[in-house]
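Asks: Here it is, the structure in full.
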Amino acid sequence: MEVTEDGKYEKKPCCQSCATPGSSAEDNWVWSKQGEVAMHLPERWGILQFETQADKEVKYYEEWDARCAAMAIYYAQKAHLKEEGKYTANIEALKHYSKQPFPICNEADVVISLTEEGYEASATIESHTSTVNQERYLAVSKAHQKCTTAIAES
C-alpha cells in the first residue's frame with residue numbers, strides 16, 4: 001500500500017515473479033487461462049476432474065453449454081449498454097456485440113425481459129436453463145419438461 005497526497009491508502013502493484021521483481025506490473029497466477037486479470041469470473045475458471053483410473057472417459061459438465069449461453073448474453077448486453085446507453089430484449093441486436101470467449105449461442109432457446117433494474121435473460125439448452133441479469137447473477141436449473149394434463153370432468 002501507498003499513502004497518497006490526500007492521505008488515502010492506495011494499492012501499489014509490486015510484482016514478485018516478474019523479470020524485474022518489485023516492478024509495478026500486475027501479476028496474478030492461476031492454473032487456467034482466464035483471458036484478463038480478473039479472478040472473480042467463475043465462468044472462465046477451468047474445470048479440474050480427478051479419476052482413479054487413467055482410461056476413464058472425461059465426464060461432461062452437462063450444464064456448461066447453458067451457462068456459457070447465458071454469459072454470452074451478459075457480455076453482449078454489457079457491450080450494448082456501453083455503446084447504445086441501454087439494454088435490449090432483441091437477441092439479434094446482441095449478436096453484433098458477441099465475441100469470444102462467449103459468443104451468442106444460436107442453439108439456445110433465449111428469452112430476454114427488460115426490467116426496471118436492467119434485464120433478466122434465460123438460455124435453455126437441452127435439459128438446463130441458465131438465467132443471468134445485469135448484475136452478473138447467474139443461476140442454473142434443470143429445464144422443466146413441457147407436459148399437458150387432461151382433467152376429466154365428472
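The values are calculated or read from the model by the stated rules, or taken from the named source; none is laboratory data. Nothing here was measured: the structure is a model prediction, and the numbers come from that model. Cβ: placed from backbone, ideal geometry, glycine included. Neighbour counts: every protein chain shown. Please note that ligands, DNA and RNA were not included when accessible areas were found on the heavy atoms of the full protein model with its side chains. Shrake-Rupley method; radii C 1.70, N 1.55, O 1.52, S 1.80 Å.
Asks: Just to be sure I understand, how many residues within segment 53-98 are surrounded by fewer than 11 Cβ atoms within 10 Å (Cβ to Cβ), within 23 Å of residue 133 (Cβ to Cβ) and among the aromatic types (Phe, Trp, Tyr)?
Replies: 1
Asks: Taking segment 60-79 as the region of interest, how many residues are in contact with a His (Cβ under 8 Å, 6 or more places away or on another chain), more than 16 Å from residue 110 (Cβ to Cβ) and assigned to a helix (DSSP H, G or I)?
Replies: The total comes to 0.
Asks: Turning to a different aspect of this structure: Scan segment 32-59 for residues that are within 16 Å of the chain's Cα centre (by Cα), in a loop (DSSP other than H, G, I, E, B) and not aromatic (Phe, Trp, Tyr) and report the count. Show your work before the answer.
Replies: Taking segment 32-59 as the starting set, the residues that turn out to be within 16 Å of the chain's Cα centre (by Cα) are 32-47.
Next cut, in a loop (DSSP other than H, G, I, E, B) only: 32-41, 45-47.
Cutting the leftovers down to not aromatic (Phe, Trp, Tyr) gives us 32-41, 46-47.
So the count comes out to 12.
Asks: Since residue 4 meets every condition but one in (1) modelled with pLDDT of 80 or more; (2) open to solvent by 100 Å² or more (accessible area, probe 1.4 Å); (3) farther than 16 Å from residue 134 by Cα, which condition does it not meet?
Replies: With respect to (1) modelled with pLDDT of 80 or more; (2) open to solvent by 100 Å² or more (accessible area, probe 1.4 Å); (3) farther than 16 Å from residue 134 by Cα, residue 4 is out only on (2).
Asks: What's the number of the condition residue 50 fails, among (1) closer than 22 Å to residue 108 by Cα; (2) open to solvent by 30 Å² or more (accessible area, probe 1.4 Å); (3) of a type in the set (Phe, Trp, Tyr)?
Replies: (1)
Asks: Sort through 149, 129 and tell me the only one that's at pLDDT 95 or above and either in a strand (DSSP E or B) or out of contact with any Leu (no Cβ under 9 Å at 6 or more places or on another chain) (or both).
Replies: 129
Asks: If a residue has to be aliphatic (A, V, I, L, M) and under 12 Å from residue 118 (Cβ atoms) to count, how many in segment 74-91 make the cut?
Replies: 2
Asks: Just give me the residues in segment 80-110 being out of contact with any Lys or Arg (no Cβ under 6 Å at 6 or more places or on another chain), part of a loop (DSSP other than H, G, I, E, B) and β-branched (Val, Ile, Thr), in sequence order.
Replies: 88, the sole residue that qualifies.
Asks: From 113, 122, which residue is open to solvent by 40 Å² or more (accessible area, probe 1.4 Å), assigned to a strand (DSSP E or B), closer than 25 Å to residue 141 by Cβ and touching a residue at least 12 places away in the same chain (Cβ under 8 Å)?
Replies: Of 113, 122, the one residue that is open to solvent by 40 Å² or more (accessible area, probe 1.4 Å), assigned to a strand (DSSP E or B), closer than 25 Å to residue 141 by Cβ and touching a residue at least 12 places away in the same chain (Cβ under 8 Å) is 113.
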